[in-house]
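Peer 1: The structure follows.
The values are calculated or read from the model by the stated rules, or taken from the named source; none is laboratory data. Because the structure is a prediction, the values reported are computed rather than measured. Methodologically, a virtual Cβ is constructed for each residue, glycine included, from the backbone with ideal geometry; neighbour enumeration extends over all protein chains shown. Remember, those area values only see protein heavy atoms, side chains included, never the ligands or the DNA or RNA. Shrake-Rupley method; radii C 1.70, N 1.55, O 1.52, S 1.80 Å.
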Amino acid sequence: MAPSEPAVTLDDVRKTYQLAETVHALDGVSLTLPRGSYTAIMGPSGSGKSTLMNVIGCLDTPTEGRVVIDGADVSTLSGRERTRLRGIEIGFVFQTFNLMPRLTALENVAMPQLFQNVGRTDRNERARDLLDRVGLADRADHRPNELSGGQRQRVALARALVNDPAIVLADEPSGNLDTETEAGILDLFAEFHDAGTTLLVVSHERHVAERAERIVHLLDGKIERIEALNDARNGSGPPSAGPDGTPPSTVGRDEHGGSATDRGTDQEEPDRGPDR
Amino acid sequence: MKPLALLRLAWRSIAGHRLRSALTTLGVIIGVAAVIAFVTLGASLQAGIVGDISPDDQRNVYGWAADPGTEGGPLAGAQPVVSEADLAALEERSGIDAAYGYAPLGTQAVATGDSVVPLGDGAFATGPTYVREDDIATGRQFEQGEPEAVVNPAVAGAFESNVSVGDELTLVFQGGETRTVTVVGITDTSEGLSPFEGFGQSPRLYVPTDPFYAGADSAADEETDGNESAEESEADGNASAPGEDDPGNESDGEAAAGTRYTAIVVEAPSADDAAIDRAKEQARSYLESDASDASALLASGELEIVLQTSTQLLSQLQDILGLLQNFIVGVAAISLLVGSIGIANIMLVSVTERTREIGIMKAVGAQNRDVLGLFLMEAIVLGVIGAILGTALGLATGYLGAQYIDLPLVYPLEYVALAIAVGVLVGVFSGLYPAWKAARTDPIDALRYE
């Protein structure tokens, strides 16, 4: 692909479920995630966050519209090609870490390459390198149950990066972590972002979302608004009006009591925000 | 995904559930072990019987005359029909090396000095070559017309001091008469030398038909005369029992025609089929021709000459053994089936239990066939481990069993290969559905699965 081509392009994406009544989980979402961008998605339950993640993550196909990942139109791909694309171009970080319990940290990180038929030596070398980058070089041979939550999420992040994907999708990556550990993970995200990784983080917590360059607010399957943040990298100041003139959002901020500014010192994890 | 990587990952899951995997495998182990053990024992049993037929024995044709409708083993329903003259004439025919009679003697005991040893039906009057030279450990074959005997180790070792070549033994017949023989040879085994005797190990003593058969004949005359009619009617009316004929019965009948033999041995020049067939043909054509003494008795049509090699005689026995073995192996195979159901069951549990893991694998790029292969590989590994351990256990059991009932151990190697193949098949068979179910798991649901 051309370097200028975005990592992910959504073009009027709709996802409809036929339940008791027709549910529009995504109702015409158009979004472009440029290479190297850091985007957060916020929205209440049922706003379509998960569906959007699944669609971008090639786990699901849209009912209508186009999803282009790294130049490939997902809707035209067969299931097998989609799985392949997912393996190569998408890295997942889950709220519950989702590591393989019987595999060591190293093996967990190396696993996606296993399915791409990368040789064992290359696999392990790459995995060791990534574990080193997330600061877990000395935990390589530990199993997930021998690691703390933060360490597990670092392993998960390393795993997400192992195939050098077009985009890393993180679904509530700090949802199961205490505040301090959360900060560490988010710092790590920022670090990888600086290094050029494209990130998409779903969170209902303002202070997590504010680490991104912009926040996409979803409501009822539509993009309510896109909020650009001034200085996403350090996240030290409250966001002001974005470059496009969007006023700073107040959604979720009241509940967090300004935690975005000093989240490192939050004593208690605040309640889960407006969407819970 | 590469097979080796698949295998490694599958092994992880198996090793992760040690007890469960062990119990699952146990079902297959028991099934395979049972099949292998029974097959080994069956093959050993057959070898124990067939192996007793020495290569020299293969050129012997065993003959007797019996009612054509008679079922049973060697000598079943046999009647004394072949005379000395017939045997002499048979020996003259081309394609026949030797022909001689065979008759158990009604001995009660054998004695040397003060030492007396009971010898039930263990004395046989026959031709010199009946005891083959290869079978004689020390000494030589006896000669016709001489009071000589060849004994087997079970007889030689039965006395307080071991009997050796040159010693004299006293035979005590059922009539009370005694005869003294000189031991001229000792065989190397105590097993039977022909299907006439049976093949088990027991004390046996072989003497020439001349003078012992005729002699026993006269010695037993008084006794047998009395129950001749009873014996005759039994032989005619109850064809299943006559295998137990005592020598009195065999020799009592046609006194006018001289000594008649119930059983004869015709030796072909070699063991190949053509030679055997020719010897049979020669013997049959002579015995059924008017020239023979036997033909007069055969003419009635109630008796028919049976001529068979020991292999042929045994085939019937082997058929029965084979049937029995198939039955037992069939029962063992059922336990194998149960074992495979066990694998299928545990794999289904495993798939459900690891739904989330399946979701993770799919999320990070595992294709359906990777997941399918992984679970199938697990089932196959369980099956193969079960088959290998089961084979080892089965072979060990077969070995102990063969030792216990004193059989030559024969491992049917093709069955061992088959057992491994069965292990793979059991794995595939029982793993296919669970693996297919795992492969079809929707990653979105699976990741949400708690």
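Peer 1: In peptide B:356-363, what is the residue-averaged number of other protein chain Cβ atoms found within 10 Å of each Cβ? If you can, show how the numbers build up before the last one.
Peer 2: Numbers: counts 4, 6, 0, 3, 11, 6, 5, 15.
Mean inter-chain Cβ contacts per residue within 10 Å come to 6.
Peer 1: Next question. Give me the residues in the stretch A:97-132 whose solvent-accessible area, probe 1.4 Å, is reduced by at least 50 Å² once all protein chains are included instead of the chain isolated.
Peer 2: A:Asn98, A:Met100, A:Arg102, A:Leu114, A:Phe115, A:Asn117
Peer 1: Sticking with this one: Which of the pairs A:Lys222/B:Lys437; A:Lys49/B:Lys362; A:Lys15/B:Lys437 have their Cα atoms more than 28 Å apart in this structure?
Peer 2: On the way: A:Lys222/B:Lys437 35 Å; A:Lys49/B:Lys362 20 Å; A:Lys15/B:Lys437 26 Å.
Pairs exceeding 28 Å: A:Lys222/B:Lys437.
Peer 1: Roughly how many Å² is the accessible area per residue of the stretch B:390-450, as a whole number, for a 1.4 Å probe?
Peer 2: On the way: 3660 Å² over 61 residues.
Dividing the accessible area of the stretch B:390-450 by its residue count gives 60 Å².
Peer 1: May I pose another question? Can you give the mean number of other chain Cβ atoms that lie within 10 Å of the Cβ atoms in peptide B:364-373?
Peer 2: Numbers: counts 19, 17, 7, 6, 3, 2, 4, 1, 0, 0.
For this peptide, the per-residue mean of nearby foreign Cβ atoms is 6.
Peer 1: While we're here: Using only the heavy atoms of the protein chains and a 1.4 Å probe, how would B:Thr187, A:Thr16 rank by accessible area, largest first? Write out the running numbers ahead of the final one.
Peer 2: Working: B:Thr187 5, A:Thr16 40 Å².
Listed by decreasing accessible area, they come as A:Thr16, B:Thr187.
Peer 1: Hey, got the average number of other protein chain Cβ atoms within 10 angstrom for residues in A:78-87? All intermediate terms of the calculation are to be shown ahead of the outcome.
Peer 2: Details: counts 0, 2, 3, 0, 0, 10, 2, 1, 6, 8.
Average per residue, whole number: 3.
Peer 1: Around B:Gly301, with a cut-off of 12 angstrom between Cβ atoms, what is the net charge of the other residues, counting Lys and Arg +1 and Asp and Glu -1?
Peer 2: Details: positive: none; negative: B:Asp67, B:Glu288, B:Glu302, B:Glu304.
My count for the surroundings of B:Gly301 gives -4.
Peer 1: Using amide H atoms built in the peptide plane, which far-off residues or other-chain residues are under 5 Å from A:Thr63 H to H?
Peer 2: Correct list: A:Arg14, A:Lys15, A:Thr16.
Peer 1: Could you run the Karplus curve 6.51 cos²θ - 1.76 cosθ + 1.60 with θ = phi - 60° over the stretch B:311-328 and give me ³J(HN,Hα) per residue in whole Hz, x for Gly and Pro?
Peer 2: Result, ordered by residue: 4, 5, 5, 7, 4, 5, 4, 5, 4, 5, 4, x, 4, 4, 5, 4, 4, 5 Hz.
Peer 1: Another question, if that's okay. Based on the Kirkwood radius over alpha-carbon pairs, what is the Stokes-Einstein translational diffusion coefficient of chain B at 4 °C with 1.567 mPa s viscosity, in µm²/s?
Peer 2: The estimated diffusion coefficient comes to 50 µm²/s.
Peer 1: Another question, if that's okay. Once you have all Cα-Cα distances for the stretch A:94-211, histogram them in 5 Å bins from zero and send the whole-percent values.
Peer 2: 2, 12, 24, 25, 21, 11, 4, 1, 0
Peer 1: Starting from 0.36 nm per residue, how many nanometres of slack lie between B:Ser270 and B:Ser285 once their C-alpha separation is accounted for? Before the final figure, lay out the partial values.
Peer 2: Details: separation 15, 0.36 × 15 = 5.40 nm, distance 1.96 nm.
Working it through step by step, the gained length comes to 3.4 nm.
Peer 1: What order, most packed first, do the peptides A:214-220, A:156-162, B:348-354 have when packing is the mean number of other Cβ atoms within 10 Å of each residue? Mind dumping the intermediate values first?
Peer 2: Numbers: A:214-220: 20.9, A:156-162: 26.7, B:348-354: 17.7.
Sorting A:214-220, A:156-162, B:348-354 by mean packing, highest first, produces A:156-162, A:214-220, B:348-354.
Peer 1: How much accessible area per residue does the stretch B:10-139 have, in Å², with a 1.4 Å probe?
Peer 2: Numbers: 4850 Å² over 130 residues.
That works out to 37 Å² for each residue.
Peer 1: Which ³J(HN,Hα) values in Hz, rounded to whole numbers, follow from the phi angles of the stretch B:424-429 under the Karplus curve 6.51 cos²θ - 1.76 cosθ + 1.60, where θ = phi - 60° and Gly and Pro get x?
Peer 2: After applying 6.51 cos²θ - 1.76 cosθ + 1.60, I find 4, 5, 4, x, 4, 4 Hz.
Peer 1: Modelled label-to-label distance, B:Asp319 and A:His142, 7 Å Cα→beta-carbon offset: nm?
Peer 2: With each label point 7 Å from Cα toward Cβ, the separation is 7.4 nm.
Peer 1: Over the Cα atoms of the protein assembly as shown, what radius of gyration and what Dmax do you get, in Å?
Peer 2: Calculated on Cα positions, Rg and Dmax stand at 45.6, 139 Å.
Peer 1: Taking amide H positions as placed 1.01 Å from N in the peptide plane, with prolines and chain starts having none, which residues 5 or more places from B:Ala263, or on another chain, fall under 5 Å of its amide H?
Peer 2: B:Tyr102
Peer 1: A further question on this structure: Carbon and sulfur: what percent of the protein assembly as shown's accessible surface (1.4 Å probe)? Spell out each step's value before the answer.
Peer 2: Details: 16230 of 31030 Å².
Carbon with sulfur: 52 percent of the solvent-accessible area.
Peer 1: Along its three principal axes, how long is the stretch B:61-160 when you only count alpha carbons? Whole Å, largest extent first please.
Peer 2: Largest first, the stretch B:61-160 extends 46, 31, 22 Å along its Cα principal axes.
Peer 1: Continuing with this model, one more query. Return the value, in Å² to the nearest 100, of accessible area buried between chains A and B (probe 1.4 Å, both sides summed). Kindly include the intermediate steps, with their values, before the conclusion.
Peer 2: On the way: alone 12510 and 20960 Å², together 31030 Å².
That pair hides around 2400 Å² of surface in total.
Peer 1: Please list, ordered by chain and number, the residues whose modelled amide H lies under 5 Å from the amide H of B:Thr187; skip anything fewer than 5 residues away on the same chain.
Peer 2: The list, which skips near neighbours in sequence, is B:Ala137, B:Val151, B:Asn152.
Peer 1: Please report the net charge: other residues with Cβ closer than 10 Å to the Cβ of A:Leu147, K and R +1, D and E -1.
Peer 2: Numbers: positive: A:Arg139, A:Arg143, A:Arg152, A:Arg154; negative: A:Glu146.
Residues close to A:Leu147 contribute a combined charge of +3.
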